[in-house]
Structures are given as structure tokens and as C-alpha cells.
Amino acid sequence: MKKSVIRARFPYAVTFLTRFALLVIFMLFSRAADSISLKFDGNAIDMESLADNSSTLLAVHAAALHCKIDFQWNTEQEQMALLKNGAKATLVLGNRHALITSSSPQVSPVLFPLSKSPDVLDGVVVLPPQDIALLFQALLPAVKVSWDETKAAIEVKKDVPEATNGFELRTVVIDPGHGGRDPGALKGGIMEKQIVLDVSLRLAKLIESRSRWRVVLTRNSDKFIKLQRRTEIASLYPADSTLFISIHCNADPTSLGRGLETYVFDTKATDAEAAALAKRENAEEEMDLTYILNHCYHVGSDPYSLKAAREVQSALVRKLKLKNRGVRRAPFYVLAGTKMPAVLVELGFISNYYDRKKLQSASFRQSSAEALFEAIKGFDRATTKSLAKADIK
């Protein structure tokens, strides 16, 4: 009887041991996945996550030390300051914004949204790695800071040349319009947010592989980002060496509108069509003219923005062979909040059958990215050789 009971229970013992072994393996792999590589100036360290099972968090002070960034902790105010070369990032426990300031009076303070509020775990201040990467980028504008989620790695590379007097292009900020719960223009199951993200990713790849410019995407996946945050991301980079390009597709209720157009900011729209388009693009957030006037750092007559818009429009028409609707002006919020040369591109009309067929084509999207890349090169040549210095503050 005793032997039969042992035999009957043996399979359950094996099952228990198997499950236990799988659990141990899972825990080991989970622990490995939480190890984040931080590479600075060729030297890499592995940082263990101090998070719970739901997220990955890193010790801010440890990352700062490795990247030679000073830090201070204020116990009474429960805040940490990161300091580098006159720039300062202030973190407050429980507050999902970091304040970026500079000792230079020409650089305005920026309130930067974080994906997660700073917290204290095991006695140290922690943040997600993507937030640490963006904060370090603000503190280290002369280098490129990137966060690769697939590789679980933060990398700081000194691959950008020093800036010179006047405008010298060093950074291109690409802003794929809409995203997440905001699809943008819709027609026949085609969504603007998908088309512009694809073109933006293709353009970013061209810039990374064929130039020395730093490239920054305000979004690299299908997620919703407020207009204000898009401009805040762009404002992390120097105005005298950064170009901002917001990429969109157009729409017309009559389905007759066709072609390409490029916009620069102005409080007064070129015409009723431009005004209607700006109203549609601004509709995702409740803002009024007061916001525009309070956050406008440049106007539509800015020579750099106009030069960039003309280069973009010319390259797109030449490459894509669509109707030329010209360079226009309108009060787009996403352009009003930027400090650097900024343009908004409309890559054809989703509402029009002919344009929509083009926009659905992978080859057309690649050609769009190539045309934009050529336009950026043309803008860079023009600003380097002949464009008068703008008063960018």
C-alpha cells in the first residue's frame, strides 16, 4: 500500500519540480532583461533595474556619475538636480515633469514631460531609461544620446562636431503628425498617422546612414503625443543648429484637392484653405490664439524657415511629380512653439483618389523620404554658403 501511494504521487512530484525549474529559469531571464547597458565615450556598464515587475527603473545618480554629470539632492524639497556645463535638469519626487534650465539668458526654461514620476527605491532616485536618455540629451547637446529598447541600451556618442558662429545644421527633429488615438485624416481605411510615421522612419534612416546630423523623432511608434510635448522635445536642441520638420497628409471635404504644400508659421493664414487646415491640425488640443502669441519664438518671415520650406517644396514636387500648391503660411501650434527653423509638410491629399493611391505605395513613401533628405541637404548648403544670419533666440 505504501509503495502504491508513492508511485501515485511521483508524477505530481515531477510536475512540481518541472514547474519550479521553469520558474527559476524565468526569473533568471527576467533579471537579465532588466539589466540596462549604459555606454558613454566608449565605456559601457551594466545597470541593474531597481524596479518592480511592471517597469524598468534605473538609479539616476549612478547613470549621471558614469556620464560625468554632477548631481545634487535636496532633502527638504525632495528634488534632485543634474548639472552639466551650465545646463540644469531639476527632478521633483512625484512630479511627472522635469525643469530644464540654462545659465545662458538666451535659452528659455523648458518643462519636460516624463513618462513616469521620479521615485525613491532602495534609497536612490529612479527613472525609466528612456527618460534618463532624454534628460541627458538636454544636458549634453554636443553629443548624441539614444535609448534602444530592443537592445536595452543607452548610448552616449560624441559624434557631432562643435557648433560655429551663425546657423550650422547639426540636428534634424522629425515630427510624424498625429498618432495613437488621433488618426489624422481618414479615407477608405487609410490613416494619416500610419503614412507619416512610415515616411518619417524612412527619412530618419536616410539621415542616420548618409549624414553626420543627429536625427530625433518626436514619436517612433503609433502613440499619441500632445502638440506641446512635440515642441518641448524639439526645444531640447539649440535653435541655431536644429531644423524641425512636421510631416502630415492633407484632406479636403470635396475630395477635389490634390498636391503638395509646405507651411511656415504665421498668425495670419495665406488663405481660407490654409486657415481651415491649421484649425484641423490644431484640433487635437484645446488652445487659442493667446497660446500661440505667448509661445511664438519666430514668425513666418523668418529667413531660415522660409528657405527650408522652399527647399522642401521644390524637392518634393521635382521628385514626386504631384501638383505644386506652393509654400504657404498658417498658425500651426506645432510650429508656433518651436524656437528653431520649422516647417510643416503636407504630402498629398488622402481624400483624393489619385493622391491616396500614391500615398499607399511603399515606393512613393520612400521617394518622399528621399526628397525630404535632398531638401535638408539643400537647406544645409544654403545656410552654410549664402543665407544671412538670422536672429534666433
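The values are calculated or read from the model by the stated rules, or taken from the named source; none is laboratory data. Just so you know, these numbers come straight off a predicted model, no measurement behind them. Every residue, glycine as well, gets a Cβ built from its backbone with ideal geometry; the counts of neighbours run over all protein chains shown. In case anyone asks, the SASA skips ligands and DNA or RNA and just uses the protein heavy atoms, side chains included. Shrake-Rupley method; radii C 1.70, N 1.55, O 1.52, S 1.80 Å.
Computed values, structure above
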read-out	value
Residue check, S4 modelled with pLDDT under 90, among the small types (G, A, S) and not in a helix (DSSP H, G or I)	no
Meets criteria (open to solvent by 20 Å² or more (accessible area, probe 1.4 Å), at pLDDT 95 or above and hydrophobic (A, V, I, L, M, F, W, C)) for A371	no
Selection within segment 55-76 - open to solvent by 70 Å² or more (accessible area, probe 1.4 Å), farther than 19 Å from D122 by Cα and not in a strand (DSSP E or B)	K68
Subset tally (residues that are farther than 24 Å from F167 by Cβ, in contact with a strand residue (DSSP E or B) (Cβ under 8 Å, 6 or more places away or on another chain) and charged (D, E, K, R)) for segment 315-345	2
Members of segment 174-188 that are open to solvent by 20 Å² or more (accessible area, probe 1.4 Å) and of a type in the set (A, V, I, L, M, F, W, C)	L186
Positions within segment 164-173 being at pLDDT below 90 and surrounded by 24 or more Cβ atoms within 10 Å (Cβ to Cβ), in sequence order	F167
Segment 206-219, subset open to solvent by 40 Å² or more (accessible area, probe 1.4 Å) and touching a residue at least 40 places away in the same chain (Cβ under 8 Å), residue nearest to V173 (Cα to Cα)	L217
Extreme residue, nearest to V173 (Cα to Cα), among residues of segment 192-205 that are surrounded by 19 or more Cβ atoms within 10 Å (Cβ to Cβ) and among the aliphatic types (A, V, I, L, M)	A204
Residue ID - farthest from T218 (Cα to Cα), chosen from residues in segment 300-336 that are open to solvent by less than 10 Å² (accessible area, probe 1.4 Å) and either assigned to a loop (DSSP other than H, G, I, E, B) or without any contact (Cβ under 8 Å) to a residue 12 or more places away in the chain (or both)	G300
Subset of segment 100-126 [part of a strand (DSSP E or B) and either in contact (Cβ under 8 Å) with a residue 60 or more places away in the chain or touching a Leu at 6+ places or on another chain (Cβ under 6 Å) (or both)]	I100, V110, L111, F112, P113, D119, L121, V124, V125, V126
Single residue of segment 123-145 satisfying the filter (modelled with pLDDT under 85 and in contact with a helix residue (DSSP H, G or I) (Cβ under 9 Å, 6 or more places away or on another chain)) that is surrounded by the fewest Cβ atoms within 10 Å (Cβ to Cβ)	V143
Any hit, segment 287-301, residues being at pLDDT below 85, in contact with a Gly (Cβ under 6 Å, 6 or more places away or on another chain) and more than 23 Å from L186 (Cβ to Cβ)	yes
Residues within segment 42-90 that are within 24 Å of the chain's Cα centre (by Cα), more than 21 Å from S146 (Cβ to Cβ) and aliphatic (A, V, I, L, M), tallied	2
